[in-house]
Amino acid sequence: MADVDGQLATAWLDLLACGHVSGDADFFECGGSSIAAVHLAATIQETFGVPVDAIEVVTLRRFSEISALIISRLDEVAPKPRG
């Protein structure tokens, strides 16, 4: 989802000291820390309304994997069509 990637990229760049972000960007290589992981997790929860823990940010590390987690969580909370 391009919208998730765009919003996550904004949060990532606002928080970390890297000039750009790509799918294989590593949270720690971009200047991330455990404190930054807490902040990113909180920003993700606020922005997308889905639960993400700092430990997940630390464990997943890569931008594409964190984005995939958000998309997965959004799919879990999305209303299901009635049929």
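Restricting attention to region 19-46, which residues are of a type in the set (Ser, Thr, Tyr) and surrounded by fewer than 16 Cβ atoms within 10 Å (Cβ to Cβ)? Within region 19-46, SER22, SER33, SER34 qualify.
Go through region 8-18 and report how many residues are outside any loop (DSSP other than H, G, I, E, B) and loosely packed, with under 12 Cβ neighbours inside 10 Å. First the steps, then the outcome.
Going through region 8-18, the residues outside any loop (DSSP other than H, G, I, E, B) turn out to be 8-15.
Pick out the ones that are also loosely packed, with under 12 Cβ neighbours inside 10 Å and you get 14.
So the count comes out to 1.
Please work out which residue is surrounded by the fewest Cβ atoms within 10 Å (Cβ to Cβ), limiting yourself to region 61-72 and to residues that are of a type outside the set (S, T, N, Q) and either touching a Leu at 6+ places or on another chain (Cβ under 6 Å) or in a helix (DSSP H, G or I) (or both). Filtering first and then ranking leaves ALA68.
Selection within region 1-31: residues that are hydrophobic (A, V, I, L, M, F, W, C) and free of Cβ contacts under 8 Å to residues at least 12 places away in the same chain. The member of this set that is farthest from LEU69 (Cα to Cα) is LEU13. Only one entry in VAL38, VAL58, VAL21, VAL50 is over 20 Å from GLU76 (Cβ atoms) and outside any helix (DSSP H, G or I), namely VAL21.
Computed from the coordinates by the stated procedures, all read-outs in this text should not be read as laboratory data. Note that the coordinates shown come from a computational prediction; the quantities given were computed from them, not determined experimentally. In this analysis, Cβ positions are derived from the backbone assuming ideal geometry, glycine residues included, and neighbour counts consider all displayed protein chains.
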